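Just so it is clear, none of the values below were taken in a lab; they were calculated from the coordinates. Model, not experiment: these values are computed from the prediction. Ideal geometry is used to build each Cβ from the backbone, glycine not excepted, and the neighbour counts take in all protein chains shown.
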Amino acid sequence: MATLEIDRVRKAYGTMEVLKEVSISIGSGDFLVLLGPSGCGKSTLLNMIAGLETITGGEIRIDGDTVNDLSPKDRDIAMVFQSYALYPTMTVRQNIEFGMKIRGVPTAERERATRDAAELLQMSHLLDRKPSQLSGGQRQRVAMGRALVRHPKLFLFDEPLSNLDAKLRVDMRTEIKRLHQRLGTTIVYVTHDQIEAMTLATRVAVMKDGIVQHLDEPQAVYDRPANVYVARFVGSPAMNIIPGRLEDGPSGPALVMDQPNGGESRISGVVVSDDARQRYAGQPVLVGIRPEGFSVSAGGPDCVEAMIEVVEPTGPDTLANFTLGGTDVIARLAPLAVRAGQTAKLAVETAKVVLFDPKTELRID
Amino acid sequence: MAIEYGSAARSRMIGRTMIYSGLIGLAAFYLMPLWVMVVTSLKPLDEIYGGSFIGLPKVLTFEAWAKAWSQACIGTACTGLKPYFINSLMMVVPAVLLSTGIGALNGYVLTKWRFKGSNLIFGLLLFGCFLPFQAVILPMAQVLGRLGLSGTIPGLVLVHTVYGICFTTLFFRNYFVTIPDELTKAAQIDGAGFFRIFFSIMLPAALPIMVVSCIWQFTQIWNDFLFGVSFTAGESSPVTVALNNVVNVTMGRKQYNVDMAAAMIAALPTLFVYVVAGRYFVRGLTAGAVKG
């Protein structure tokens, strides 16, 4: 268990900057997820924490100690890889013991630690098998066991679930979460799957183009995304970003969005700070509404008229597609609430509406 | 229907018969020289001069083999092939081990510890595979002279090791490139260093390609004649050079049976290696396609 500070860290290959002044700091026992599309620099950052990549600029500190110039083995970390990276010629037991053997841990202690880890991960019966005789999920377990036995300060996970099928991925996700709750270790976890990030993390860093776009608790990232990119990346279906206009009237601020038939929809009761109210009055804004921010309603000042184009029932709810502000909008509604071809009145949960500046695409507070 | 089916089966059988008889015929043609060598080596000399060449021996005798092994005259010394066979073993074993070992290390560095210019170095090494023997003889002779290794077995070991590195490096590089880099990273985090990773993880995983490399090198080095004849003389010659001398030095009647026996003695070790390790050879060559 340890704290991790990433302090203005940069990484460049020649003139190409992969990471630009990334700063992230997490406390002991935190579960940090680095979330982003491929090529955003998240794996590079993880490798730099591990010591597998050099640091071009800035500092990485584990438990307050700068580790920039320490080799991986001296950083007291363990890592789980996407391809599991089990040593193919060794048995599961040898795989797990390899690190301890190199560090000169006495045999008795080694055996005890291996047994404990195997019990924790329910793989005691697999200890004498070779990796090639294991299924994907079992290999994943062994890889985690190999990381666990050394009780390192920091666990690093590099897209550990990407190679598993959908069902197993959900199971292993829960298992990782359970392990974290039980052991309380500090974890850095890289993924491009926003659901993994939401379910596992205590802190999420959404990354793009080598920059941390948003660093916060998962719910905060979901509810109040820092910019349009984060809003679209986190959540499925993504947050609706609807071009509109902020109007300030005697009854408070209101949002105006174009209807496809040439008319306009007006939602009042939006929560906006006084500062934003002054700066953006009469100006165009981007209106961010989560699909579940809509609900079928009888009518009112917070309602929009929606000409439902397509309905996609998912079971627990129905996704309704319509056009608003010149863009496709998806609403998550109760099953059978609307039918395609109908016009429905949808209420917007105004407290959860997020506004973005159309030019900078940053959230307006 | 039944009739049609029957005729289809018949025509297929005719096709099969033709294919197999063709293959057997070609195989027999290809094996003819070996056949002649074996039967000739088992005949007494008189029978050969009596005109029987292809047929089975009337009198079976292993005299020619014994003579080739320990009595045949090479130049002025009539020691048989035995000392030269031992020379070849003394040359081939260290040369195979050294070139395979260095090739493995090279392949490991070129795939898992890439450095600036590593691809260029690999390209140059590849170029070495295409260098004809003749091109290196003169410079090699000079180097051996400076090192004081001219005309010695260790000199030949050096020559074959250097020449073999290109091939062994190619084998191991192409094999190690299929092993995920994450394996090295995981081992680094586990605390393993350069050589620990090499010996504990890479080499055990490289068993198939090691067999390929050893067979390849063994065959190349054992069968080499040019380097042997260029860099050694007299007692330190390898068996291939001695064989040439046995066959070319004739007193009285040409002893075909001894020549044949000597040639087979010289060829046996490579044959032996193929029979023992041949299946690993094929497996190793196709190993890159299978993931562990």
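When you count, for each residue, the other Cβ atoms within 10 Å and take the mean per peptide, how do A:228-236, A:9-17 rank with the highest first?
With the highest mean Cβ count within 10 Å placed first, the list reads A:228-236, A:9-17.
Measure out, as a whole number of angstrom, how far apart the alpha-carbon centroids of the range B:157-229 and the range A:88-152 sit.
First find each Cα centre; the distance between them is then 28 Å.
Within a 10 angstrom radius of each residue's Cβ in A:48-55, how many Cβ atoms of other chains show up on average? Whole number is fine.
Mean shielding by partner chains, rounded to a whole number: 2.
Give the distance, in whole Å, between the Cα centre of the range A:194-257 and the Cα centre of the range B:50-104.
If we compute the Cα centre of each part, the gap is 82 Å.
Sorted by mean Cβ packing within 10 Å, highest first, what order do the peptides B:200-207, A:286-293, A:333-340, B:19-26 take?
Sorting B:200-207, A:286-293, A:333-340, B:19-26 by mean packing, highest first, produces A:286-293, B:200-207, A:333-340, B:19-26.
For A:K352, which aspartates and glutamates qualify as cross-link partners when the Cα separation must be under 15 Å and same-chain residues fewer than eight apart are set aside?
The reachable aspartates and glutamates, counting only those whose Cα sits under 15 Å from A:K352, are A:D223, A:E292, A:D302, A:D365.
From the helices alone, meaning DSSP H stretches of at least four residues, give me the mean residue ellipticity at 222 nm for chain B, per-run term -39500 (n - 2.57), in deg cm²/dmol to the nearest 500.
Computed mean residue ellipticity for chain B: -24000 deg cm²/dmol.
Karplus couplings for the range A:95-101 from phi (6.51 cos²θ - 1.76 cosθ + 1.60, θ = phi - 60°), rounded to Hz, Gly and Pro as x?
Once rounded to whole Hz, the list reads 4, 5, 7, 3, x, 5, 4.
Just in the range B:59-164: which chymotrypsin sites (Phe, Trp or Tyr not before Pro) are loop by DSSP and have at most 15 other Cβ atoms within 10 Å?
B:F62, B:W113, B:F115, B:F130
What's the whole-number percent of alpha carbon pairs in chain B lying beyond 27 angstrom?
The share of Cα pairs beyond 27 Å in chain B comes to 57 percent.
Within the range A:137-228, list the chymotrypsin sites (Phe, Trp or Tyr not before Pro) lying in a DSSP loop whose Cβ has at most 12 other Cβ atoms in a 10 Å radius.
The qualifying sites: there are none.
Please compute the Kirkwood hydrodynamic radius of the protein assembly as shown from all pairs of different C-alpha atoms, in Å with one decimal.
31.8 Å
Taking a cut-off of 18 Å, what percent of all Cα-Cα pairs in the range B:172-288 are separated by more than that?
Roughly 65 percent, rounded to a whole number.
Between the range A:296-365 and the range A:39-86, what is the C-alpha centre distance in whole Å?
43 Å
What does the helix-only formula give at 222 nm for chain A: each DSSP H stretch with n ≥ 4 adding -39500 (n - 2.57), the total divided by the residues, and the result rounded to the nearest 500 deg cm²/dmol?
Value at 222 nm, helices only, nearest 500: -7500 deg cm²/dmol.
In µm²/s, what is D for chain A at 37 °C and 0.692 mPa s, where D = kT/(6 pi eta Rh) by Stokes-Einstein and Rh is the Kirkwood radius from Cα pairs?
143 µm²/s
Can you list the trypsin sites (Lys or Arg not before Pro) in the range B:14-96 that are in a DSSP coil and have 10 or fewer other beta carbons within 10 angstrom?
Listed in order of number, the matching sites are B:K58.
Excluding residues fewer than 8 places away in the same chain, name every one of the lysines whose C-alpha is closer than 19 Å to that of A:K359.
A:K208
Enumerate the calculated ³J(HN,Hα) couplings along the range B:167-183 in order (Karplus 6.51 cos²θ - 1.76 cosθ + 1.60, θ = phi - 60°), each rounded to whole Hz, writing x wherever the residue is Gly or Pro.
3J(HN,Hα) across the range B:167-183, in whole Hz: 6, 5, 4, 4, 4, 6, 4, 5, 7, 5, 5, 8, 8, x, 5, 4, 4.
Name the residues whose placed amide hydrogens come within less than 5 Å of the amide hydrogen of B:I74, ignoring near sequence neighbours (fewer than 5 apart) on the same chain.
Under 5 Å from the amide H of B:I74 lie the amide H atoms of B:T79, B:G80, each far enough along the sequence or on another chain.
Please pull out the direction-averaged projected area of the range B:2-70, using the convex hull of its alpha-carbon atoms, in nm² to one decimal place.
For the range B:2-70, averaging the hull's shadow over all directions gives 6.9 nm².
Strictly over 24 Å apart at the Cα level, which of A:K101/A:K177; A:K20/A:K177; A:K11/A:K177; A:K153/B:K185 would you flag in this model?
Too far apart for the 24 Å limit: A:K101/A:K177; A:K20/A:K177; A:K11/A:K177.
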